[in-house]
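Have a look at the structure below, then the notes.
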Amino acid sequence: MIAVDTNILARFYCDDPEDIEAKRQRPVARRLMVESASLFVPLTVVLEFERVMRGFYQASTEEFCQATEHLLGMAHVTVERWEAVADAINLHRRGLDFADALHWAGSSACSELVTFDDNGFVRRAKRLDLSPAVVLAE
């Protein structure tokens with residue numbers, strides 16, 4: 001099994017026809033992603049992949065969710081904590097920031113998730129009636 005970094009996912013899922021380096025790297029990324037016997041994607045790579053898609057490629061929430069669902073569906077790919085990633089995708093579609101959704105999904109065995117709510121996490125989680133609850137640190 002080999003692990004892949006964020007840039008491999010970005011080259012596989014995001015077309016960047018103006019970038020000469022991307023033109024060279026995309027076929028290599030495709031070969032790795034399609035022809036490797038087994039791949040591992042660390043949870044941190046999934047988190048960074050969302051930031052790259054949103055920040056650099058200006059992809060929509062739906063484009064990121066579809067790419068990640070495709071990744072989760074590849075039989076030879078193991079995504080670390082895939083259940084939490086799948087839950088986070090669902091919550092991201094429903095309005096949570098992906099990182100916040102992933103933090104919440106990873107906290108399912110806890111009584112609550114405490115935050116300083118610098119980006120509306122508490123408000124959005126309350127609207128979605130999440131349990132464990134996301135609460136303000138006091």
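The values are calculated or read from the model by the stated rules, or taken from the named source; none is laboratory data. What you see is a predicted model; the values in this text were computed from it and never measured. So basically every Cβ, Gly included, is an ideal-geometry build from the backbone, and we count neighbours across all protein chains shown. What goes into the accessible areas is simple: the full protein's heavy atoms, side chains included, and nothing from ligands, DNA or RNA. Shrake-Rupley method; radii C 1.70, N 1.55, O 1.52, S 1.80 Å.
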Being open to solvent by 80 Å² or more (accessible area, probe 1.4 Å), aliphatic (A, V, I, L, M) and not in a helix (DSSP H, G or I) is the filter here, so list the residues in region 20-60 that pass it.
Ala37
Listed residues Leu102, Leu96; which is hydrophobic (A, V, I, L, M, F, W, C), outside any helix (DSSP H, G or I), within 19 Å of Leu130 (Cα to Cα) and within 14 Å of the chain's Cα centre (by Cα)?
Leu96
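Could you tell me how many of the residues in region 73-85 are open to solvent by 40 Å² or more (accessible area, probe 1.4 Å) and without any contact (Cβ under 8 Å) to a residue 60 or more places away in the chain?
Result for region 73-85: 7.
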Can you say whether Val34 is without any contact (Cβ under 8 Å) to a residue 24 or more places away in the chain and closer than 12 Å to Val77 by Cβ, as far as the supplied structure shows?
yes
Would you be able to say whether some residue in region 109-124 is touching a Leu at 6+ places or on another chain (Cβ under 8 Å), acidic (Asp, Glu) and outside any helix (DSSP H, G or I)?
yes
